[in-house]
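What follows is calculated from the coordinates using simple rules that are stated; it is not laboratory data. No experiment lies behind these values; they were computed from the predicted model shown. Glycine gets a Cβ as well: all are built from the backbone with ideal geometry, and neighbour counts include every protein chain shown.
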Amino acid sequence: MFRSIRLFNRIIHQCFWRKRDELGVGLEIDKQQIEHLASLIRVQLSDDEITSLGEELNGIVNEFNILQEVNTEDVEPTGHIADLQTVLRSDEAQESIDVEDVLSNAPQTSNEFIRVKRVIE
């Protein structure tokens, strides 16, 4: 529907960044606010895009309203919902291949570097 996801993300960011202190029950994003935000990021939106974006943004705000009604007074802040830890092995230093051996297998070399075809044009 929208010309790019980047446009949609910019509008959402502008909307919630400007409204972050007001997020609460009853906040509704109207057509004028969307038009204002679109003018701030210098894009033109059709009436269909404004309507669709308004519905999506108000749906997001409603989800935040539901979250704000949850009592979190006795809940400790967490980084993850599950107490999982990543189990990694400890680093162990190992002998490396000699530079000469590596360079001897390369099709082209320059000093102590392997030459490759240009990637960026």
> Between residue 91 and residue 76, 0.36 nm times their residue separation minus their Cα-Cα distance comes to what?
Replying inline: 2.1 nm
> If the chain between residue 117 and residue 103 were fully stretched, how many nm would it gain, using 0.36 nm times the residue separation less the Cα-Cα distance?
Replying inline: 3.4 nm
>> So, R0 is 30 Å and r is the distance between the beta-carbons of residue 63 and residue 35; what FRET efficiency does that work out to, to 0.05?
In response: 0.80
> Amide H to amide H, which residues 5 or more places from residue 109 or on other chains are under 5 Å from it, using H placed in the peptide plane?
Replying inline: 115
